[in-house]
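Visitor: A single structure is presented below for examination.
The values are calculated or read from the model by the stated rules, or taken from the named source; none is laboratory data. Source: prediction; values computed, not measured. Note that each Cβ is placed from the backbone with ideal geometry, even for glycine, and that neighbours are counted across all protein chains shown.
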Amino acid sequence: MAVTLLIDRSGSMAGRKIELARLCATALCDALTQLSFDCEVLGYCSVESAPMRQLYERQLAAGADLRRYNRFVERLDLKVYKRFGTADLSGIAAIDCGHENPDGEALAWAATRLAEHRAERRILMVFSDGYPSTGDGDPQVLRHDLRERVAAIGKRGIELVGIGVLTDAVEDFYPHNVVVSRLAELPSTVFSVLSSMLLTR
């Protein structure tokens, strides 16, 4: 079995939320390694990009039709904190926060990495504290994109679960979801969710 933890690194996760996410990721990876299950820890956010803004302004001035785009001046910031095949957890301490959370694009990236990893069973757990967002995107497009990607990932045989960190937004996107209403309960809830998933087979 292989497990991926995908962590929302948006600005709203700063402080106690991201601290607990780091602790939870470390403990979970340690436990999975002892069980001889492979795991990976990824994080995502968006950050404003000066080159992208310049390109956007040039294209806009030239009269280009940009309606097919939904992210203009923010680039994706996707990071790998712990890779499959290694027991080194030191990178998890570097998990930090950025700007916004383009969930759909990040989810597709994480799922592709997980699908390429050799395993009989694959589980993808997403920690999120709100609705998908970018500073320059249409929220409705971002939400529709996330729903479509969740459905597509399910068809690939990846077991997907959304962990809502002080938010019930995950209920709108992930068929299998858990809402953590108290931060102190995040680690125990995540362990409980993963345990129940393991016991289903």
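Visitor: Tell me which residues, restricted to region 72-125, are over 18 Å from residue 21 (Cβ atoms), crowded, with 16+ Cβ neighbours inside 10 Å and acidic (Asp, Glu).
Guide: 74, 105, listed by residue number.
Visitor: If you go through region 166-179, how many residues are farther than 16 Å from residue 15 by Cα and touching a helix residue (DSSP H, G or I) at 6+ places or on another chain (Cβ under 7 Å)?
Guide: Total meeting the criteria: 5.
Visitor: May I pose another question? So the check is Cβ under 9 Å with 6+ separation or different chains; which pairs have a first residue in region 153-176 that's without any contact (Cβ under 8 Å) to a residue 12 or more places away in the chain and a second one that's not in a loop (DSSP other than H, G, I, E, B) and not hydroxyl-bearing (Ser, Thr, Tyr)?
Guide: Here the result reads 168/177; 168/179; 171/162; 171/164; 171/177; 171/179, each pair linking region 153-176 to a residue that is not in a loop (DSSP other than H, G, I, E, B) and not hydroxyl-bearing (Ser, Thr, Tyr).
Visitor: Please go through region 44-60 and pick out each residue that is within 18 Å of the chain's Cα centre (by Cα) and either surrounded by fewer than 20 Cβ atoms within 10 Å (Cβ to Cβ) or in contact (Cβ under 8 Å) with a residue 60 or more places away in the chain (or both). Step through it out loud before you land on a result.
Guide: Just the residues of region 44-60 that are within 18 Å of the chain's Cα centre (by Cα), to begin with: 44-47.
Across region 44-60, the qualifying residues are 44, 46, 47.
Visitor: Here's a follow-up. Scan region 73-90 residue by residue and report those that are over 19 Å from residue 34 (Cβ atoms), acidic (Asp, Glu) and more than 14 Å from the chain's Cα centre (by Cα).
Guide: Scanning region 73-90 gives a single hit, 74.
Visitor: For region 136-190, give me each residue that is in a loop (DSSP other than H, G, I, E, B), under 23 Å from residue 29 (Cβ atoms) and of a type in the set (Gly, Ala, Ser).
Guide: Residue satisfying the conditions is 157 alone.
Visitor: For region 92-104, state whether one or more residues are acidic (Asp, Glu), closer than 23 Å to residue 183 by Cα and within 13 Å of the chain's Cα centre (by Cα).
Guide: yes
Visitor: Another question, then. When region 173-201 is examined, which residues are found to be surrounded by 15 or more Cβ atoms within 10 Å (Cβ to Cβ) and β-branched (Val, Ile, Thr)?
Guide: Matches in region 173-201: 178, 179, 180, 189, 190, 193.
Visitor: Can you go through 164, 154 and tell me which one is touching a Ser or Thr at 6+ places or on another chain (Cβ under 8 Å), under 25 Å from residue 1 (Cβ atoms) and either modelled with pLDDT under 95 or of a type outside the set (Val, Ile, Thr) (or both)? Spell out the reasoning first.
Guide: On the way: 154 fails: touching a Ser or Thr at 6+ places or on another chain (Cβ under 8 Å).
Testing whether each residue is touching a Ser or Thr at 6+ places or on another chain (Cβ under 8 Å), under 25 Å from residue 1 (Cβ atoms) and either modelled with pLDDT under 95 or of a type outside the set (Val, Ile, Thr) (or both) leaves just 164.
Visitor: With the requirement that a residue be farther than 14 Å from residue 102 by Cβ and of a type in the set (Asp, Glu), what does region 37-70 give you?
Guide: Passing the criteria: 38, 40, 57, 65.
Visitor: I would also like to ask the following. Of the numbered conditions (1) surrounded by fewer than 20 Cβ atoms within 10 Å (Cβ to Cβ); (2) over 20 Å from residue 80 (Cα atoms); (3) at pLDDT 95 or above, residue 170 satisfies every one except a single condition; which is it?
Guide: Against the list (1) surrounded by fewer than 20 Cβ atoms within 10 Å (Cβ to Cβ); (2) over 20 Å from residue 80 (Cα atoms); (3) at pLDDT 95 or above, residue 170 comes up short only on (1).
Visitor: For residues that are within 23 Å of residue 10 (Cα to Cα) and either over 14 Å from the mean Cα position of the chain (by Cα) or buried (at least 21 other Cβ atoms within 10 Å of the Cβ) (or both), tally how many sit in region 151-165.
Guide: 6
Visitor: Can you name every residue in region 97-124 that is in a loop (DSSP other than H, G, I, E, B) and within 28 Å of residue 139 (Cβ to Cβ)?
Guide: Scanning region 97-124 gives 97, 98, 99, 102.
Visitor: Does residue 41 satisfy being surrounded by 14 or more Cβ atoms within 10 Å (Cβ to Cβ), under 16 Å from residue 133 (Cβ atoms), aliphatic (A, V, I, L, M) and in contact with a helix residue (DSSP H, G or I) (Cβ under 9 Å, 6 or more places away or on another chain)?
Guide: no
Visitor: Which is more than 17 Å from the chain's Cα centre (by Cα) and aliphatic (A, V, I, L, M), of 180, 141?
Guide: Values: 180 fails: more than 17 Å from the chain's Cα centre (by Cα).
One residue alone meets the criteria, 141.
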